[in-house]
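Presented below is the structure to which this report refers.
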Amino acid sequence: MGERKGVNKYYPPDFDPTKHGSLNRYHHSHPLRERARKLSQGILVIRFEMPYNIWCDGCKNHIGMGVRYNAEKKKVGNYYTTPIYRFRMKCHLCVNYIEMQTDPANCDYVIVSGAQRKEERWDMADNEQILTTEQEKKQKLETDAMFRLEHGTTDQSKLQKAIPSLSNIQEAQSAWKDDFALNSMLRRKFREKKKAIKEEEEKTLALQTKANLSIPLVPETEEDRKLAALLKYHSLDSYEDKQKLKRTEIFGRSWFPSTPVHGASNSKVNSVLKKLAVSRKPMPSASSITSSDLGIVRRKSRDGLEGPQESGEAPEPSAMKEVDENIPGGSSSETHYPPDVETQGGPSSTSILSSSLVADYSDSESD
């Protein structure tokens, strides 16, 4: 803000460079403007920051470290060739003025008046900080040989303790000493990695174009390779083997359905057979079973052939009547059996008769 008139580059018509020299001299102002209002007294207004925590003597309030003030800076002396400056500032909470000055001997600030320091000091030797050599100690080192020897022995013992840590620091620094070689190695790795990434992108793009895919492809891993090696995508049998297997199944299949066809005629036959099974006589215990024992009457067919071939027994009227009554509708019908049914005897003949007992109404004649 102090040099704003010189920065704007505006020169009035009556400005004479040979006479005025600069715009600040033309305007009769200092480049620091208001900050240099007491410059004739050796005082310059600066922005001062509180170096540590203090207590104000006027209002007894706490002022923290880092609080900034507009302080008057003035030189009050020297420490050898180092100047000592004093700062005077007004408390922002009261009308009290605080004065502080530098302490080059201890690298610190000292409160002159108006405040008290909050005691939070620590010993620099305990914190292993570098201590400044005092003037008295310097004179003693120059004049007293015994003190110089003791001081040198102490320094040597400190050096022996610090050698391991110093060697580790030097090794760490030597690893990064050749900056050009490290930079070249790093750039070479980056180029190789960039080339591999570019090849992978080209391969992925070619695969997407070939398979007409619009989804992003993730990079393959070792687990994916192992899983793909275990899988085999091929047919178990060829086309000819499948055709042979299908023909074999067709040839081995039964020509007739396994389940009976449900219909009106089939239900009628089943009802007749049930009635015959209920009304038939009990089977004799003899080995030979005849048709009369079962209550079956065999009649002549249309061809004129006789029903019974081996037995000459005539059908009984009672058995004929019983069969006629069991047939629905009251009409007499003829049942035709194969001739080998009556010739077989024994216990197995009963099962054969019961399984082959079928009524045939196609060639029947009504009485």
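We did not get these values from a lab; they are worked out from the coordinates using the rules stated. Remember, predicted model here, so these are calculated numbers, not experimental data. Here Cβ is always computed from backbone atoms with ideal geometry, including for glycine, and neighbour counts include all displayed protein chains.
What is the calculated FRET efficiency for A229 to R191, with r their C-beta to C-beta distance and R₀ = 35 Å, to the nearest 0.05?
0.60
Using DSSP to call loops (not H, G, I, E or B), can you name the chymotrypsin sites (Phe, Trp or Tyr not before Pro) in segment 94-189 whose Cβ has at most 13 other Cβ atoms within 10 angstrom?
Values: sites: Y97, Y109, W122, F147, W176, F180; in loops: W122, W176.
Sparse-neighbourhood loop chymotrypsin sites (Phe, Trp or Tyr not before Pro): W122, W176.
Given 0.36 nm per residue, what is the gain on full extension from W255 to E134 after removing their alpha carbon distance, in nm?
31.1 nm
To the nearest 0.05, how large is the calculated FRET efficiency for Q208 and D179 if R₀ is 41 Å and r is the Cβ-Cβ distance? Please list the in-between numbers first.
Values: r = 43 Å, r/R0 = 1.04.
The calculated FRET efficiency here is 0.45.
Rounded, prolate or oblate: which fits segment 178-231, taking a ≥ b ≥ c as square roots of the Cα gyration tensor eigenvalues, rounded meaning a/c under 1.5, else prolate when a/b beats b/c?
It is oblate, given that a/c is not under 1.5 and a/b is not larger than b/c.
Stokes-Einstein D for segment 1-129 at 10 °C, 1.306 mPa s, Kirkwood Rh over Cα pairs, in µm²/s? Don't skip to the end; give the middle numbers.
Working: Rh = 17.7 Å.
Roughly 90 µm²/s, to the nearest whole number.
I'd like the projected area of segment 76-131, averaged over all directions, using the convex hull of its alpha carbons. Report it in nm² with one decimal.
Answer in nm², one decimal: 5.1.
May I ask you to list the residues of segment 124-161 whose amide nitrogen lies under 11 Å from a point 7 Å from Cα along the Cα→beta-carbon direction of R117?
None, by backbone N distance to the label point.
As an exercise, use a Förster radius of 35 Å and the Cβ-Cβ distance of K75 and N127 to find the FRET efficiency, rounded to the nearest 0.05.
It comes out at approximately 0.65.
Taking a virtual spin label 7 Å from the Cα of K38 along the C-beta vector, which residues in segment 101-129 bring their backbone nitrogen under 15 Å of it?
In segment 101-129, the label zone of K38 (backbone N under 15 Å from the point 7 Å along Cα→Cβ) covers 101, 113.
Going through segment 97-151, which GluC sites (Glu not before Pro) have at most 15 other Cβ atoms within 10 Å and a DSSP loop state? All intermediate terms of the calculation are to be shown ahead of the outcome.
Numbers: sites: E99, E119, E120, E128, E134, E136, E142, E150; in loops: E119, E120, E128, E134.
Those that pass, being in a loop and sparsely packed, are E119, E120, E128, E134.
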